[in-house]
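Colleague: Provided herewith is a single structure, encoded as structure tokens, for subsequent inquiry.
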Amino acid sequence: MSLFNSLNMSLQVLRQQMLVSSTTTLIRTYAAPPTAKKLKKLGKLGPIMEKKVIPVETDANKLVNYVCGSNIYKTGEDIKLKPDSEYPDWLWTLNVDRIIPLEEMDPNTKQYWRRLRKMALRRNNQLAKLKKF
């Protein structure tokens with residue numbers, strides 16, 4: 001009998017809570033409207049990202065003695081350049097001036113055949129653009 005009474009009492013308490021909650025008015029609070037700082041222009045694909053302005057180093061001494069931009073951390077400094085004798089010899093033989101034409105390359109190298117394949121793919125893609133449906 002006591003189990004029945006306790007269940008009955010708990011049901012009555014639940015009914016009273018439901019009645020009280022249904023009679024009270026709910027007040028909804030919304031997020032604050034976006035400020036001018038957060039407001040971004042919308043493009044076709046969503047908000048447009050603003051370009052970051054990266055400071056340019058103008059100190060001539062630092063440009064000559066350091067690798068500017070090599071430090072990616074907030075603290076620390078850029079890498080200091082060493083004398084030429086401390087770098088490997090192959091570094092000074094790299095071709096940085098121009099791309100070697102296909103005619104001047106050796107046909108027995110892998111680079112020759114990669115370049116030939118790349119040129120053929122580009123040519124085929126250009127021809128495919130010109131074809132009509």
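Colleague: In the stretch 80-100, which residue that is in contact with a helix residue (DSSP H, G or I) (Cβ under 9 Å, 6 or more places away or on another chain) and of a type in the set (D, E, K, R) is nearest to Asn61 (Cα to Cα)?
Modeller: Selected residue: Lys80.
Colleague: Find the residue count for the stretch 84-113, including only residues that are surrounded by 10 or more Cβ atoms within 10 Å (Cβ to Cβ), at pLDDT below 95 and part of a helix (DSSP H, G or I).
Modeller: The qualifying residues number 2.
Colleague: Among the residues of the stretch 45-52, is any at pLDDT below 75 and in a loop (DSSP other than H, G, I, E, B)? Steps first, answer last, please.
Modeller: In the first step, residues of the stretch 45-52 are kept if they are at pLDDT below 75; the result is 45-48.
Next, from what is left, pick out any that are in a loop (DSSP other than H, G, I, E, B): 45, 48.
Looking for residues that are at pLDDT below 75 and in a loop (DSSP other than H, G, I, E, B), one finds at least one in the stretch 45-52, hence yes.
The values are calculated or read from the model by the stated rules, or taken from the named source; none is laboratory data. Source: prediction; values computed, not measured. In this analysis, Cβ positions are derived from the backbone assuming ideal geometry, glycine residues included, and neighbour counts consider all displayed protein chains.
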